[in-house]
Amino acid sequence: MAVRKVRIPKGVEIVEVLGHYDKKARLVKKKFNVEITLIDDEIWIRGKDEKMVVAASDVFKELVEMTRDGRLVGWDEFQYIVEKYLESESRPSLRDFARSSVLGTRVKPKTEGQKVYMEAIRENDVVFAIGPAGTGKTYLAVAMALDYLKSGKVQRIILTRPAVEAGEKLGFLPGDLLEKVDPYLRPLYDSIMDMISPDKFYSYREKGVIEIAPLAYMRGRTLNNSFIILDEAQNTTYYQMKMFLTRLGFNSKVVITGDITQLDIEKEKSGLIECQKILKEVEGIKFVYLTEEDVVRNPLVKRIIRAYEEYEEMEK
């Protein structure tokens, strides 16, 4: 009977290592065919197959180190990286598998286009993601923003989008300006609250760690140490886009997402369309174009997009 021990140091929450109701421990027990016991501040791993016992203990060792470094691994992500770990013959570091998903979330690229998009964000200060609905433009940007926040690369996340009907229609809605534009920002709330708990989200909002605001609130600001996402950028004007891009401060990332086939303003006035001509040769700026092949919603969405593209081409 092979035995290995993994000590849990002070400052590391046992629940983060073993999981709520020991879910992570039970998964390791099942997948590695080992027995797991917690004795004081040590995890004891026993089993007949020494290789599996060693592998299971390595998982817990790295999980302890990742937790101590502030890198919390959720249940869905833990399942994913354990499966990948077992599939690999070389059994590299658990962290290598963790890096293949977005840090701290269960999100990972599902298409080649999404993979290129995420790499572009890592390698450039300003990234434009242009593509149809359902390609993960906003969702992946939010996931990357949480990655950078949790790893300490930035100090805050700023999410913004234009409120297209900022004129008379908003005037009929009750409440102050923030309450009036709140419906326009709701998709950003949905994306980020799908990845972190509501309690943590509202805590971040109260502390100013996460800010969600209409584009007009960006004027006059310099955004340092931030991960900034401009969503629905196809509805920005030329001057709004220029204003937004010049807010970029030190140690910051900017991701601009949009779908130029879904304009709510005149095509000639879209800042997203214009900036492709203006900025395409600027070093440090990357344009990523996603297509219907990158749609990860209901398969019917791809067929809808294709049908509209064919109709619009025929109309031209």
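The values are calculated or read from the model by the stated rules, or taken from the named source; none is laboratory data. Everything quoted here is computed from the prediction, not taken from an experiment. For neighbour counting, all protein chains shown are included, and Cβ atoms are generated from backbone atoms with ideal geometry for every residue, glycine included. Areas reflect the complete protein model, heavy atoms only, side chains present, ligands, DNA and RNA absent. Shrake-Rupley method; radii C 1.70, N 1.55, O 1.52, S 1.80 Å.
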**Restricting the stretch 279-288 to residues that are in contact with a strand residue (DSSP E or B) (Cβ under 7 Å, 6 or more places away or on another chain) and farther than 14 Å from Gln234 by Cβ, the residue that is least open to solvent (accessible area, probe 1.4 Å)** = Val288
**Request:** State which residue is most open to solvent (accessible area, probe 1.4 Å) when the search covers only the stretch 14-31 and only residues that are in contact (Cβ under 8 Å) with a residue 40 or more places away in the chain and within 25 Å of the chain's Cα centre (by Cα).
**Result:** His20
**Request:** May I ask you to list pairs of residues, at least six apart or on different chains, whose Cβ atoms are under 7 Å apart, with the first in the stretch 50-70 being buried (at least 21 other Cβ atoms within 10 Å of the Cβ) and the second being in a helix (DSSP H, G or I) and among the hydroxyl-bearing types (Ser, Thr, Tyr)?
**Result:** Val59/Tyr85
**Item:** Conditions (1) open to solvent by less than 10 Å² (accessible area, probe 1.4 Å); (2) in contact (Cβ under 8 Å) with a residue 24 or more places away in the chain: number failed by Val34
**Value:** (2)
**Prompt:** Does Val116 satisfy the condition of being modelled with pLDDT of 90 or more, farther than 21 Å from Met193 by Cβ, β-branched (Val, Ile, Thr) and open to solvent by 30 Å² or more (accessible area, probe 1.4 Å)?
**Reply:** yes
**Fill in**
Ala307: passes all of (1) open to solvent by less than 90 Å² (accessible area, probe 1.4 Å); (2) more than 26 Å from Asp147 (Cβ to Cβ); (3) in contact with a strand residue (DSSP E or B) (Cβ under 7 Å, 6 or more places away or on another chain); (4) not aromatic (Phe, Trp, Tyr) but (3)
**Fill in**
Conditions (1) open to solvent by less than 70 Å² (accessible area, probe 1.4 Å); (2) at pLDDT 90 or above -> Ser197 fails only (2)
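Among the listed residues Lys23, Lys31, Lys10, Lys5, identify the single one that is more than 20 Å from Ser197 (Cβ to Cβ) and part of a helix (DSSP H, G or I).
Numbers: Lys23 fails: more than 20 Å from Ser197 (Cβ to Cβ); Lys10 fails: part of a helix (DSSP H, G or I); Lys5 fails: part of a helix (DSSP H, G or I).
From the options Lys23, Lys31, Lys10, Lys5, the qualifying one is Lys31.
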**Prompt:** Going through the stretch 232-278 one residue at a time, which ones are open to solvent by 30 Å² or more (accessible area, probe 1.4 Å) and farther than 26 Å from Glu309 by Cα?
**Reply:** Tyr239, Gln240, Lys242, Leu245, Thr246, Arg247, Leu248, Phe250, Asn251
